[in-house]
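Working notes for the structure below.
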Amino acid sequence: MKNNEARIDKWLWAARIFKTRTIAAAACKKGQVSMKGAQLKPSRTIREGDVIDVRKPPITYSFRVLQAIEKRVGAKLIPEILENVTAPEQYEILDMAKISGFVGRAKGLGRPTKKDRRSLDSFTSEVPEFFGDFDFDFDDGTDDGEYDEDSAEEMDED
């Protein structure tokens, strides 16, 4: 391999687009990495000047390769490795997704979030005002808790 070429999976990992090379290769296999509309295999070589599209739902990022590297570099050196050429419309989609809430979870499905749990707790712990001074001790007229046939008959007549 020449100095100005690199495997796409190694470059995606080295440029810190994916946390591990395994994840980068899996993204290539799933068809989330493309160049000029064509999906790339993990072993595909890239050169300086190529524009790589990486689909990370809900948006697709676009990066121009400035240096084809295969060794991971520090975060401060990333501007020398790639140029982010993602369209502004993609970032608007990302903002809308953040405003609308958690993208991957439909309302009412799965475990509640911390916010959901807290609102549930506050809902269940509050006592409505009309129960505030209500006496829940139902008195049937007997003092010792024994069954009284006369009071039972009166209740049946009502």
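V33: farther than 17 Å from N4 by Cβ, in contact with a helix residue (DSSP H, G or I) (Cβ under 8 Å, 6 or more places away or on another chain) and modelled with pLDDT under 90, yes or no?
The answer is no for V33.
Checking I17 against (1) surrounded by 19 or more Cβ atoms within 10 Å (Cβ to Cβ); (2) out of contact with any Ser or Thr (no Cβ under 9 Å at 6 or more places or on another chain); (3) not aromatic (F, W, Y); (4) not in a loop (DSSP other than H, G, I, E, B), which single condition isn't satisfied? It fails just one condition, (4). Within the stretch 49-77, residues that are more than 14 Å from V33 (Cβ to Cβ) have Cβ atoms under 6 Å from residues that are buried (at least 18 other Cβ atoms within 10 Å of the Cβ) and not hydrophobic (A, V, I, L, M, F, W, C) in these pairs: E70/K10, counting only partners at least 6 apart in sequence or on another chain. Selection over the stretch 26-75 of residues that are outside any strand (DSSP E or B), under 20 Å from the mean Cα position of the chain (by Cα), buried (at least 16 other Cβ atoms within 10 Å of the Cβ) and hydrophobic (A, V, I, L, M, F, W, C) gives a count of 1. In the stretch 1-14, the residue that is surrounded by the fewest Cβ atoms within 10 Å (Cβ to Cβ) out of those that are more than 18 Å from P57 (Cα to Cα) and touching a strand residue (DSSP E or B) at 6+ places or on another chain (Cβ under 8 Å) is M1.
Screening G108 on (1) modelled with pLDDT under 80; (2) closer than 21 Å to K10 by Cα shows it passes everything except condition (2).
The values are calculated or read from the model by the stated rules, or taken from the named source; none is laboratory data. Quick caveat, the model's predicted, so the values are computed rather than measured. When we count neighbours, we look across all protein chains shown, and the Cβ atoms used for this are built from the backbone with ideal geometry, even at glycine.
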